[in-house]
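Chemist: Handing you this structure, nothing more for now.
The values are calculated or read from the model by the stated rules, or taken from the named source; none is laboratory data. Quick caveat, the model's predicted, so the values are computed rather than measured. Cβ placement follows ideal geometry from the backbone for every residue including glycine, while neighbour counts extend to all protein chains displayed.
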Amino acid sequence: MFSNDAYDWLLAESSCRAHDARLVEIESQEQYNYLVNSTLLIGADVDYWIGGRDDVTEGIWKWAFSNRNFSYIAWGPGEPNSYHHEHENCLVMADKYHWLWDDRRCSESHYFICERKYPESVIESIPLVPSIVG
Ligand SMILES: [Ca+2]
Ligand SMILES: [Ca+2]
């Protein structure tokens, strides 16, 4: 489910939860490829928040909802680089890297990708309009 609005990371996460979903957590190449194909279909030159962050312990990346460590990674070249004085603690699929991953400041506004929480293996690409944030 792709958002039609751009929010900061926390607002993106709460918007997903308001729709009984979460920011997407990527745990396999297959899942990642599916998302890349979906972003290609949408064809927007934007970055997308996904559910990873390292705000608790710098450098230890976890999926926010499940609290799992990353078992699959797809970092862009030179990332994560904590470019802004190590305050890049949230994860995007970055347009500039053809949707490989980049750590960014959580306060940036980006579009985002939600997935239904259950079953965890299912991702839907139905357009979502989270214009109301609970
Ligand atoms: Ca960081
Ligand atoms: Ca970065």
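Chemist: With respect to E115, determine if the residue is over 17 Å from I26 (Cα atoms) and either acidic (D, E) or modelled with pLDDT of 95 or more (or both).
Modeler: Judged against the criteria, E115 is not a match.
Chemist: Where residues in region 84-100 are hydrophobic (A, V, I, L, M, F, W, C) and within 16 Å of L35 (Cα to Cα), which of them is nearest to ligand 1 (Cβ to nearest atom)?
Modeler: Within region 84-100, the subset hydrophobic (A, V, I, L, M, F, W, C) is 90-94, 99-100.
Narrowing the set further to residues that are within 16 Å of L35 (Cα to Cα) leaves 91-94, 99-100.
Numbers: L91: 10, V92: 13, M93: 17, A94: 15, W99: 20, L100: 17 Å.
Among them, the one singled out is L91.
Chemist: Mind listing just one residue for me: the one in region 62-92 that is among the hydroxyl-bearing types (S, T, Y) and closer than 13 Å to I50 by Cβ and, of those, nearest to ligand 2 (Cβ to nearest atom)? Full working, then the answer.
Modeler: Just the residues of region 62-92 that are among the hydroxyl-bearing types (S, T, Y), to begin with: 66, 71-72, 82-83.
From the residues that got through so far, the ones that are closer than 13 Å to I50 by Cβ too are 66, 72.
Working: S66: 23, Y72: 18 Å.
Checking each candidate, the answer is Y72.
Chemist: Could you tell me how many of the residues in region 11-57 are farther than 22 Å from I73 by Cα and among the basic types (K, R)?
Modeler: So the answer is 1.
Chemist: Let me ask you something else. Right, S109: small (G, A, S), under 16 Å from N4 (Cβ atoms) and modelled with pLDDT of 95 or more or not? Steps first, answer last, please.
Modeler: Values: small (G, A, S): yes; under 16 Å from N4 (Cβ atoms): yes; modelled with pLDDT of 95 or more: yes.
Yes, satisfied.
Chemist: Can you find, within region 55-81, the residue that is nearest to L35 (Cα to Cα) among those that are away from ligand 1 (no atom under 16 Å from the Cβ) and either of a type outside the set (S, T, N, Q) or free of Cβ contacts under 8 Å to residues at least 24 places away in the same chain (or both)? Write out each step before concluding.
Modeler: Going residue by residue through region 55-81, those that are away from ligand 1 (no atom under 16 Å from the Cβ) are 65-68, 71-72, 74, 77.
Narrowing further to those that are either of a type outside the set (S, T, N, Q) or free of Cβ contacts under 8 Å to residues at least 24 places away in the same chain (or both): 65, 67-68, 72, 74, 77.
Working: F65: 18, N67: 21, R68: 19, Y72: 14, A74: 12, P77: 19 Å.
So, considering only residues that are away from ligand 1 (no atom under 16 Å from the Cβ) and either of a type outside the set (S, T, N, Q) or free of Cβ contacts under 8 Å to residues at least 24 places away in the same chain (or both), the one nearest to L35 (Cα to Cα) is A74.
Chemist: Could we say that Y34 is in contact (Cβ under 8 Å) with a residue 60 or more places away in the chain and surrounded by fewer than 18 Cβ atoms within 10 Å (Cβ to Cβ) here? Give the steps one after another, and end with the answer.
Modeler: Numbers: in contact (Cβ under 8 Å) with a residue 60 or more places away in the chain: yes; surrounded by fewer than 18 Cβ atoms within 10 Å (Cβ to Cβ): yes.
The answer is yes for Y34.
Chemist: Filter region 34-58 down to the residues that are of a type in the set (G, A, S) and either assigned to a loop (DSSP other than H, G, I, E, B) or within 16 Å of ligand 2 (Cβ to nearest atom) (or both), then identify the one that is farthest from D5 (Cα to Cα). Even if it seems obvious, please write down each step before you answer.
Modeler: Of region 34-58, the ones of a type in the set (G, A, S) are 38, 43-44, 51-52.
Subsequent filtering for residues that are either assigned to a loop (DSSP other than H, G, I, E, B) or within 16 Å of ligand 2 (Cβ to nearest atom) (or both) retains 43-44, 52.
Values: G43: 15, A44: 13, G52: 19 Å.
Selected residue: G52.
Chemist: A further question on this structure: Return only the number of the condition from (1) touching a strand residue (DSSP E or B) at 6+ places or on another chain (Cβ under 8 Å); (2) surrounded by fewer than 21 Cβ atoms within 10 Å (Cβ to Cβ); (3) within 19 Å of D103 (Cα to Cα); (4) of a type outside the set (S, T, Y) that G59 does not satisfy.
Modeler: Every listed condition holds for G59 apart from (1).
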